Every structure is written in structure tokens, then in C-alpha cells.
Amino acid sequence: MTQQYLTNGQIVLADQVLEQASLLIEDGIIAAINPESVADNVDTIDLAGRVLMPGMIDLHCDALEKEVEPRPGVHFPLDFAVAQADKRNATAGITTVYHAIAFANDELGLRSNEFAANIARAVHAWAPHGLVDNRVHCRYEITDEGGLPVLLDLLKNDDMHLLSLMDHTPGQGQFKDMAAYRSYLTRSYKKTEAELDTILAKKLNAATGAFDRAKTLIKAAHAQGVSVASHDDDNRQRIETMNSLGAVISEFPINMEAALAARELGMSTVFGAPNILRGQSQSGSMKALDAIEANVADCLCADYAPAALIVAVMKLPTLTDISLYDAVRLVTLNPAKAAGLIDRGEISVGKRADLIMIDTPAGLPQVSRVWLKGKTVYQGQYDHG
């Protein structure tokens, strides 16, 4: 039996913070909190008063796509790209990451169906070697007629761990008007005016049959035990529709109406951590901080910036009337429940010892050590002179 004894830390539990506390790990599992005694020869780590909290669980991070295609038309080998994303998440303190991969035909740069599927398979192939628990979140654009068979194949082969359904058709959701959608594509994917016209025409024509495709895919996901999320919900009716289809998560609800409706129906809501650091949504939607203050936010995700997650969490108690343990639940226990992960997400006896230690060099919260199932997978030294 392998044991570790972490002592003299601020240990963040689900409902309180223990000062000058200790933790005993046995074979990668939390065995005791503030144990009365430990073996004389146990491997002991002095936390020196630092914060110790559960490893973060990120339900939505599409930063991998920038590792694959750092510039338009420039692609790295997929194994290399996944390995770099793995390291970025480890240093950010994210011990379980759902890499968000968009399936939207070939309208958005790297997001062709087959290429997206190959990214998902590359994540699966890297998983046994990773520093953290790397999983796949497939984001399906329901106006994409060709994505369904590809996604069904990924489900069959256990290459998908979370599914979200998107509809970026202009006029609703994130893109409330045509100009906003054209601006997004131009800014993010360097599309010409002619290419934009073609994309928009295809999207509007492909709306036929989208509902039936969504129902088929959700049924298959449920059969595999994969949680389903809606995306950019903008009103109660859409929330009710997606929930009736089997969605249990609402990603990035656009406004308070949608967020309240999701909570009333028992859906978990997800907002972006970069939104908190920047003080605004990139698309002008509801601020994450407003959602937290209104008690309609269940989870925070890294979205496009893994490093933003821990900073947002540690800043929240100074930005609003929320405790540290309440803030930590937004990135640990709550997303674990939303994704159906019962073995992690809190510092509790019997749970996985996925843990992170926090330093504050120059007042900036940073992750300085990460344990995955009790094994140190990352360690950084700040203020080393």
C-alpha cells in the first residue's frame, strides 16, 4: 500500500475550509481527513499553509483546436497537439478535462467532420499516457447534415464522453443578428464575403431535419451513459424543448430567462471563467458574475483559456458574496455531478485523490502542484529567487 500524508494546509471541502488541516492518501484514494495518527515512515508533504482543493473538472474547453491549428491552415500532428493541451491543463490545475471539439461540416476551418473525429480519436489514444484525465466533448452543430453518422460511430467506440447540441444559425442564440455572425466568422476564421454567403445559405437550408437528427443522437448518447448539454439557450421555450429531449446541462445560457428556466427544470448551467476575468461575454451575452450573484450558475468552465479557471475561482470571494468553498464547487463537485462522475470532485473519504495546491506569487493565484489519483503529475516553483 502506498501512502502520502499532506499536512498544514487550508483544505477546501465541499461545505467548509479547514485550517491547518491534513489529508491521508492511500493508493490514490483519500483515506482520511485530519487522521488521528499516521505511520512514522509515511511520505509527508508540508503544504506550508497553502490552499489544497480538489482538482478542477472542466466540462468545456476548446483550446485544443488552437493547438491543432495555431494559425489558419497550419496544422500540427494530432498526437503532438493533444500532448500540449494535456500539459496546459495540468499546469492550470484541471485534472479532468472535456476537450470541446466542434462538428460543423467544413464551414469553420479545422472543423470538418472527419478531421474533428480524428481529433477525438487522438484524445482517446493519448488518454492512457496523459498527465490528466483527458475526455472528449463533442459539440454538434445540428444544421450539419453529415455529422450524425460520424458522431454515432464515436459513441459506439467510446470516443465521446459528453455531447452538446449547438445551433449557431443567425437570428437567435449567441448570434442574434446576421451582422454578428458574419463578424464572428470573419474575425475567427478569416472567411471572405463570398465564403460567408455560401456558409449562411447552407446553414439555413440544412435546418430542415435538424430536430430529428438531434433526437437520434441524444437517444444514442443516453444509451452509452453520456450526458447531453444544450448550448446558447436564449429563452424558456428552447430550454424546455432541449430538456424534454434529454439535455441535463445548459451551456452558456444567453440571458437570465434561459438560466432561470434551466435551474427550475433541474439542469446544470455552465458559464465561462474568462468572462469573469474580462468582466464581459465576448458575444455580449449575460455575464457569468451576474449569473453567480443571481444563484443561477452551477459550473464554470475554461471555455478557451484553461489558465483562467483557477484565477476566476480564487477571485470570486472578493468580487461577490460567495465563500471560497462555494466558488470551488463551481469547478469541482458541481461539474462532476453534471457529467455523472461519482468518484471525484470533492475532498472526501473514498474519493479519488485528484488534488491541486495553490500559490499566490505577486498576489496572482497559480497552481503549484497537481496530484492525479495521488501521484504528482505537475510541480512548479514560484518566487525561487
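General observations
- The set of residues in the stretch 338-359 that are in contact (Cβ under 8 Å) with a residue 12 or more places away in the chain and surrounded by fewer than 17 Cβ atoms within 10 Å (Cβ to Cβ) comprises G340, S348, V349, G350.
- For the stretch 102-128, the set of residues classified as at pLDDT below 95 and under 16 Å from the mean Cα position of the chain (by Cα) consists of A102 only.
- Qualifying residue in the stretch 233-246 (condition: over 18 Å from R329 (Cβ atoms), more than 18 Å from the chain's Cα centre (by Cα), modelled with pLDDT under 95 and basic (K, R)): yes
- Among (1) modelled with pLDDT of 95 or more; (2) over 26 Å from V311 (Cβ atoms), the one test that Q10 misses: (2)
- Any hit, the stretch 105-127, residues being within 30 Å of L324 (Cα to Cα) and buried (at least 20 other Cβ atoms within 10 Å of the Cβ): no
- Enumeration of residues in the stretch 132-154 that are touching a residue at least 40 places away in the same chain (Cβ under 8 Å) and buried (at least 20 other Cβ atoms within 10 Å of the Cβ): V132, D133, N134, H137, R139, Y140, I142, T143, D144, G147, L148, L151
- Any hit, the stretch 41-53, residues being aliphatic (A, V, I, L, M) and farther than 23 Å from Q379 by Cβ: no
- Of all residues in the stretch 360-385, exactly one satisfies the criterion of being in contact with a Leu (Cβ under 9 Å, 6 or more places away or on another chain) and without any contact (Cβ under 8 Å) to a residue 40 or more places away in the chain, namely R369.
- Qualifying position, being touching a residue at least 40 places away in the same chain (Cβ under 8 Å) and out of contact with any His (no Cβ under 9 Å at 6 or more places or on another chain), among L330, L324: L324
- Residue in the stretch 131-143 that is modelled with pLDDT under 80, under 15 Å from D232 (Cβ atoms) and among the aromatic types (F, W, Y) present: no
- The residue pairs whose first member lies in the stretch 29-52 and is closer than 15 Å to V370 by Cα, whose second member is of a type in the set (S, T, Y) and part of a loop (DSSP other than H, G, I, E, B), and whose beta carbons are closer than 8 Å, counting only pairs six or more residues apart or on different chains, are I30/S348.
- Here the condition is being of a type outside the set (F, W, Y), modelled with pLDDT under 95 and closer than 30 Å to D303 by Cβ; of P70, P54, it holds for P70 alone.
- All positions within the stretch 361-385 that are aliphatic (A, V, I, L, M) and within 12 Å of R50 (Cβ to Cβ): V367
Every residue, every condition in (1) in a helix (DSSP H, G or I); (2) modelled with pLDDT of 95 or more; (3) surrounded by fewer than 23 Cβ atoms within 10 Å (Cβ to Cβ); (4) of a type in the set (D, E), yes or no:
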{"site": "A229", "(1), (2), (3), (4)": "no, yes, no, no"}
{"site": "A262", "(1), (2), (3), (4)": "yes, yes, no, no"}
{"site": "I276", "(1), (2), (3), (4)": "yes, no, no, no"}
{"site": "Q282", "(1), (2), (3), (4)": "no, no, yes, no"}
{"site": "V296", "(1), (2), (3), (4)": "no, yes, yes, no"}
{"site": "L300", "(1), (2), (3), (4)": "no, yes, no, no"}
{"site": "P306", "(1), (2), (3), (4)": "no, yes, no, no"}
{"site": "L309", "(1), (2), (3), (4)": "yes, yes, no, no"}
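- Scan of the stretch 323-338 for residues that are farther than 22 Å from N134 by Cα and either at pLDDT below 95 or hydroxyl-bearing (S, T, Y) (or both), ordered by number: S323, Y325
The values are calculated or read from the model by the stated rules, or taken from the named source; none is laboratory data. Every value quoted in this text rests on a predicted model; they were computed, and no experiment measured them. No Cβ is skipped: glycine too gets one built from the backbone with ideal geometry, and neighbour counts run over all protein chains shown.
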